[in-house]
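The values are calculated or read from the model by the stated rules, or taken from the named source; none is laboratory data. Since we're looking at a predicted model, the values are computed, not measured. Ideal geometry is used to build each Cβ from the backbone, glycine not excepted, and the neighbour counts take in all protein chains shown.
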Amino acid sequence: MFTFSLTLVRHGETQYNREKLLQGQGVDTVLSETGVQQVEAAGRYLRDIPFNNVFVSNLQRALQTAEIIRRNNTHCSGTEMVLEPLLRERGFGIAEGRPKEDLKNMAKAAGQSCRDFTPPGGETLDQVRLRFKKFLKVLFKRMLDEHGWSRPDASTGAGDSVNGPAGAASDISLGGSADDGLQGVSVHVLAVSHGAYINVAVKHLIEDLKCSLPAGVKTSHLFTPCPNTGIGRFILTLSQSESGPVLSAARCIFTNRKDHLENLAAAE
């Protein structure tokens, strides 16, 4: 077996985020001044995590975020960033560039909830989930191609601990250390993506792949919308099969963490 950590980070704020306008895939904006400050703070928070691999959506706001985090990191400033279109934001079709309120009105007119509604030309939630599943397949293959099975944490003992009590403090999702969940794990992956995409990814990991949850944390908290530079972490264990690497165990450490933004909020 082979165990590694996956840290998911949403990009920093853009002017479109500030003005509550939908970006999706067709609106490719850069970070706002506040967004850069948020990402610098996230980079300082994650500075001591030795990321072995960095995957990033190929949209500018995500790429800029990953570059700043990597620059702040004491271990991976030279680590290659893999531009991965599978990590792009959900496509919102004709709603892109328009106020989020317009999307709500479209959904209401269609008799659907805003979350489940797909604007003309947009992606369904199932299509986004399929993209994330494809990303996991790419990720798993890359992990084994680059790191192999013979890692110190690739033993049966490490795999058994993924769904065990280690690191499952009751408040671990609500606040804690930047290295929560990383003890005994030697391979670390950073993936920088987008809010709607990360929400779908977290739901897939928890609901479909049956990740074990932090003790005492409600599922509703884990599923709240990811804030700009919100951080989530999962510990994943792979095993071999005839068709290639498969997920054999998974543990959610936390989602939507924003401890690094507290000082910024206080300064505003």
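Matching residues to (1) touching a Gly at 6+ places or on another chain (Cβ under 6 Å); (2) in a loop (DSSP other than H, G, I, E, B); (3) modelled with pLDDT under 90; (4) aromatic (F, W, Y):
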site	(1), (2), (3), (4)
V217	no, yes, yes, no
S220	no, no, yes, no
T224	no, yes, no, no
T229	yes, yes, no, no
F234	no, no, no, yes
S248	no, no, no, no
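Just one of Q60, Q15, Q64 is touching a strand residue (DSSP E or B) at 6+ places or on another chain (Cβ under 9 Å), crowded, with 18+ Cβ neighbours inside 10 Å and not small (G, A, S); which is it?
Sole residue among the options that is touching a strand residue (DSSP E or B) at 6+ places or on another chain (Cβ under 9 Å), crowded, with 18+ Cβ neighbours inside 10 Å and not small (G, A, S): Q64.
If I filter the stretch 45-58 for residues that are in contact with a Leu (Cβ under 7 Å, 6 or more places away or on another chain), of a type in the set (S, T, Y) and either in a helix (DSSP H, G or I) or closer than 13 Å to L190 by Cβ (or both), do I get at least one hit?
yes
Taking the stretch 69-96 on its own, how many of its residues are within 30 Å of P120 (Cα to Cα), part of a strand (DSSP E or B) and touching a Lys or Arg at 6+ places or on another chain (Cβ under 7 Å)?
First pass over the stretch 69-96, keeping only residues within 30 Å of P120 (Cα to Cα): 83-96.
After this cut, where a residue has to be part of a strand (DSSP E or B) as well, the list is 83, 92.
This time we only want the ones that are touching a Lys or Arg at 6+ places or on another chain (Cβ under 7 Å), so: none.
Qualifying residue count for the region: 0.
In the stretch 125-135, how many residues are under 17 Å from A250 (Cα atoms) and either buried (at least 19 other Cβ atoms within 10 Å of the Cβ) or modelled with pLDDT under 95 (or both)?
Residues that pass the stated criteria total 2.
What do you reckon, is C211 closer than 20 Å to R129 by Cβ, surrounded by 20 or more Cβ atoms within 10 Å (Cβ to Cβ), modelled with pLDDT of 90 or more and over 12 Å from the mean Cα position of the chain (by Cα)? Steps first, please.
Working: closer than 20 Å to R129 by Cβ: yes; surrounded by 20 or more Cβ atoms within 10 Å (Cβ to Cβ): yes; modelled with pLDDT of 90 or more: yes; over 12 Å from the mean Cα position of the chain (by Cα): yes.
Against the criterion (closer than 20 Å to R129 by Cβ, surrounded by 20 or more Cβ atoms within 10 Å (Cβ to Cβ), modelled with pLDDT of 90 or more and over 12 Å from the mean Cα position of the chain (by Cα)), C211 qualifies.
If you scan the stretch 20-62, which residues turn out to be free of Cβ contacts under 8 Å to residues at least 40 places away in the same chain and under 21 Å from N199 (Cα atoms)?
Those that are free of Cβ contacts under 8 Å to residues at least 40 places away in the same chain and under 21 Å from N199 (Cα atoms): D28, T29, L31, N58, Q60.
Check G232 against each of (1) surrounded by 22 or more Cβ atoms within 10 Å (Cβ to Cβ); (2) without any contact (Cβ under 8 Å) to a residue 40 or more places away in the chain and name the one condition it does not meet.
(2)
Within the stretch 110-118, can one find any residue that is surrounded by fewer than 13 Cβ atoms within 10 Å (Cβ to Cβ), out of contact with any Lys or Arg (no Cβ under 7 Å at 6 or more places or on another chain), modelled with pLDDT of 95 or more and not hydroxyl-bearing (S, T, Y)?
No, the stretch 110-118 contains no residue that is surrounded by fewer than 13 Cβ atoms within 10 Å (Cβ to Cβ), out of contact with any Lys or Arg (no Cβ under 7 Å at 6 or more places or on another chain), modelled with pLDDT of 95 or more and not hydroxyl-bearing (S, T, Y).
Every residue in the stretch 153-203 that is of a type outside the set (A, V, I, L, M), modelled with pLDDT of 50 or more and part of a loop (DSSP other than H, G, I, E, B), please. Reasoning before the result, please.
So the first thing to find is which residues in the stretch 153-203 are of a type outside the set (A, V, I, L, M), and the list is 153, 155-157, 159-161, 163-165, 167, 170-171, 173, 175-177, 179-181, 183-184, 186, 188, 193-195, 197, 199, 203.
Restricting the remaining residues to those that are modelled with pLDDT of 50 or more gives 175-177, 179-181, 183-184, 186, 188, 193-195, 197, 199, 203.
Result: G175, G176, S177, D179, D180, G181, Q183, G184, S186, H194.
Could you list, in sequence order, all residues of the stretch 22-36 that are of a type outside the set (G, A, S) and either in contact with a strand residue (DSSP E or B) (Cβ under 9 Å, 6 or more places away or on another chain) or more than 24 Å from N73 (Cα to Cα) (or both)?
Applying the first criterion (of a type outside the set (G, A, S)) to the stretch 22-36 yields 22-23, 25, 27-31, 33-34, 36.
Passing the criteria: L22, Q23, Q25, V27, D28, T29, V30, L31.
Take the stretch 1-33 and flag every residue that is under 21 Å from N256 (Cα atoms), small (G, A, S) and part of a loop (DSSP other than H, G, I, E, B).
G12, G24, S32 - these are the residues of the stretch 1-33 that are under 21 Å from N256 (Cα atoms), small (G, A, S) and part of a loop (DSSP other than H, G, I, E, B).
Restricting to the stretch 220-254, give me the number of residues that are over 21 Å from G184 (Cβ atoms) and under 16 Å from the mean Cα position of the chain (by Cα).
Keep residues of the stretch 220-254 that are over 21 Å from G184 (Cβ atoms), which gives 220-230, 241-244, 246.
In the following step, the residues that additionally are under 16 Å from the mean Cα position of the chain (by Cα) were identified as 221-230.
Matching residues across the stretch 220-254 total 10.
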